[in-house]
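My questions all concern the structure below.
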Amino acid sequence: MQNQLTKMTCIKDLRQVAKRKIPKMFYDYVDTGSWTESTYHANSTDFQAIKLRQRVLTDMTGRTLATTMIGQQVKMPVALAPTGLTGMLHADGEILAARAAEKFGVPYTLSTMSICSIEDIAENTSAPFWFQLYVMRDRDFMRALIRRAQAANCSALVVTADLQVLGQRHRDIKNGLSVPPKPTLRNWLNLATKLEWCLAMLNTRRRTFGNIVGQANGVTDTTSISSWTAEQFDPRLSWNDIAEIKELWGGKLIIKGILDAEDAELAVKAGADAIVVSNHGGRQLDSAPSTIRALPHILSAVGNGIEVWLDSGIYTGQDVLKAIALGAKGTMIGRAFLYGLAAYGEDGVKRALDIIYNEMDISMAFTGKTDIKTVNKDILIPGTYPLAN
Ligand SMILES: Cc1cc2nc3c(=O)[nH]c(=O)nc-3n(C[C@H](O)[C@H](O)[C@H](O)COP(=O)(O)O)c2cc1C
């Protein structure tokens, strides 16, 4: 295994192994954007267009990427983003990812739509993790989730604001995405080629939505879960609800899914501690701007009034460096760690984090900086990066 891992030199390598190892419907679920996927692709290409200034003959010793996100020490400004169905990419996937994050020294965010439950993560890790809340029509269930996150000692609540209705992902429909996969001939044929995945799944009891089944009214089995999800995400959710959530929670509050300067200002007014400039990894509004393009507008609107983070399209340490140079205080990664998890479980997540760390560290050195906290626009080539207008 160690030998295989050292050959994984970039996130793309992990992606290739993930594609080979896990059922097609779950790989496609990760590796997709909504509709034409134009936003999904723009998230990456807009990062690539930004060029770094190489500096030479500067003392490169004593480098550090350590900083803080909402006051929490992090080994680098990267947190694991909340991702649904993670325990379908690898048995006990959320526990493994949370453990890898803890050992590495970055925050882990558990999704409402996870397979392992809030309590599972609390029992199997020691560092406090963050909990991501989807707001459902059933407000009692939402309140119960918040109480469970408090009881589990979660150190931040991440409210996702951009998924009250679902952007269409063609492949999920064509594949008949379900948890667990339905026993169709097509699925059996595909599963027959994924024996390692199947054996690991047979060895865990966690094969359904751990936060929901048996907890939310009327949900006792997984066959009803997809229709339940579509019916239950509350399209009425508005800024007025954030006040109630903030009060119930009483701790650090992060609003994720901000793409517009006006919404960023509203998040400041609502008393959020941080916002995540995010387009959900290009999975929601297709033709929305990439997040790295949206970032300067948002920063010029909110200034230092709130911590501004960014996700969507981060697959390299250079991407993180560029986001930080443009003024983000932190970042989140989704697919980058999911590919590692699907490929090699906990070790794969650790490998993904190591890859991003090393890329960021060496690239920062090339730009003549030794401390991530001092990185700013000076390391970028003027004319190649987006500006606020
Ligand atoms: C497979 C998958 C599942 C996701 N599930 C959730 C979720 O349950 N809750 C949430 O807030 N965001 C979810 N997201 C969005 C991520 O939190 C994050 O915004 C996105 O992955 C960032 O883009 P990246 O994958 O390019 O890094 C999901 C993303 C992916 C790829």
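Rule-based calculations on the coordinates, nothing more; no lab input. Keep in mind that this is a model prediction, so the values were computed, not measured. Please note: Cβ atoms are built from the backbone with ideal geometry, for glycine as well, and neighbour counts cover all protein chains shown.
Looking only at the stretch 99-128, which residues are of a type in the set (A, V, I, L, M), closer than 16 Å to ARG351 by Cβ and not in a loop (DSSP other than H, G, I, E, B)?
Once the filter is applied, which keeps residues that are of a type in the set (A, V, I, L, M), closer than 16 Å to ARG351 by Cβ and not in a loop (DSSP other than H, G, I, E, B), the stretch 99-128 yields ALA100, ALA101.
I'm told ALA264 meets every condition in (1) surrounded by fewer than 23 Cβ atoms within 10 Å (Cβ to Cβ); (2) part of a helix (DSSP H, G or I); (3) of a type in the set (A, V, I, L, M) except one. Can you identify the failing condition by its number?
So ALA264 meets the others, but not (1).
Moving on. When the stretch 267-286 is examined, which residues are found to be within 16 Å of the ligand (Cβ to nearest atom) and either part of a helix (DSSP H, G or I) or of a type in the set (Asp, Glu) (or both)?
Scanning the stretch 267-286 gives ALA267, ASP286.
If you go through the stretch 79-116, how many residues are in contact with a Gly (Cβ under 7 Å, 6 or more places away or on another chain) and more than 14 Å from the ligand (Cβ to nearest atom)?
1
In the stretch 84-112, which residues are in contact (Cβ under 8 Å) with a residue 60 or more places away in the chain, surrounded by fewer than 22 Cβ atoms within 10 Å (Cβ to Cβ) and under 22 Å from ASP28 (Cβ atoms)?
Hit for the stretch 84-112 is LEU85, nothing else.
Something else about it: Mind listing just one residue for me: the one in the stretch 337-350 that is closer than 20 Å to ALA66 by Cβ and crowded, with 23+ Cβ neighbours inside 10 Å and, of those, nearest to the ligand (Cβ to nearest atom)?
Residue satisfying both the conditions and the ranking: PHE337.
If we scan the stretch 150-161, do we find a residue that is free of Cβ contacts under 8 Å to residues at least 60 places away in the same chain and within 14 Å of the ligand (Cβ to nearest atom)?
no
A further question follows. Among the residues of the stretch 234-259 satisfying the criterion of being among the charged types (D, E, K, R), more than 22 Å from the chain's Cα centre (by Cα) and assigned to a helix (DSSP H, G or I), which is farthest from the ligand (Cβ to nearest atom)?
The extreme case among them is GLU247.
If I filter the stretch 46-55 down to residues being touching a residue at least 24 places away in the same chain (Cβ under 8 Å) and surrounded by fewer than 16 Cβ atoms within 10 Å (Cβ to Cβ), which single residue comes out as farthest from the ligand (Cβ to nearest atom)?
Top of the filtered list is ARG55.
Related question: If we keep just the residues of the stretch 306-327 that are among the hydrophobic types (A, V, I, L, M, F, W, C) and under 17 Å from LYS256 (Cα atoms), which is farthest from the ligand (Cβ to nearest atom)?
Ranking the qualifying residues of the stretch 306-327, first place goes to ILE306.
In the stretch 295-338, how many residues are in a loop (DSSP other than H, G, I, E, B) and without any contact (Cβ under 8 Å) to a residue 60 or more places away in the chain?
5
Can I ask one more? Report every pair of residues separated by at least 6 positions or lying on different chains whose Cβ atoms are under 6 Å apart, first residue within the stretch 129-143 and assigned to a helix (DSSP H, G or I), second crowded, with 23+ Cβ neighbours inside 10 Å.
Within 6 Å, the pairs are MET142/VAL135.
Just to check your reading of the model, which residue among GLN54, GLN4 is touching a helix residue (DSSP H, G or I) at 6+ places or on another chain (Cβ under 9 Å) and part of a helix (DSSP H, G or I)?
Just one listed residue meets the conditions, GLN4.
Residue-by-condition table, conditions (1) out of contact with any Ser or Thr (no Cβ under 9 Å at 6 or more places or on another chain); (2) among the small types (Gly, Ala, Ser):
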position	(1), (2)
ARG15	yes, no
SER34	yes, yes
SER44	no, yes
THR67	yes, no
ALA91	no, yes
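So which pairs qualify, if the first residue must be in the stretch 274-287 and more than 14 Å from ASP31 (Cα to Cα) and touching a residue at least 12 places away in the same chain (Cβ under 8 Å), the second must be near the ligand (Cβ under 7 Å from one of its atoms) and in a loop (DSSP other than H, G, I, E, B), the Cβ gap must be under 7 Å, and the two must be at least 6 apart or on different chains?
Partner pairs satisfying both residue conditions: VAL276/ASP311; SER278/ASP311; SER278/SER312; ASN279/SER312.
Suppose we filter the stretch 162-211 for residues that are β-branched (Val, Ile, Thr) and either without any contact (Cβ under 8 Å) to a residue 60 or more places away in the chain or more than 16 Å from the ligand (Cβ to nearest atom) (or both); how many remain?
Going through the stretch 162-211 one residue at a time, the tally reaches 4.
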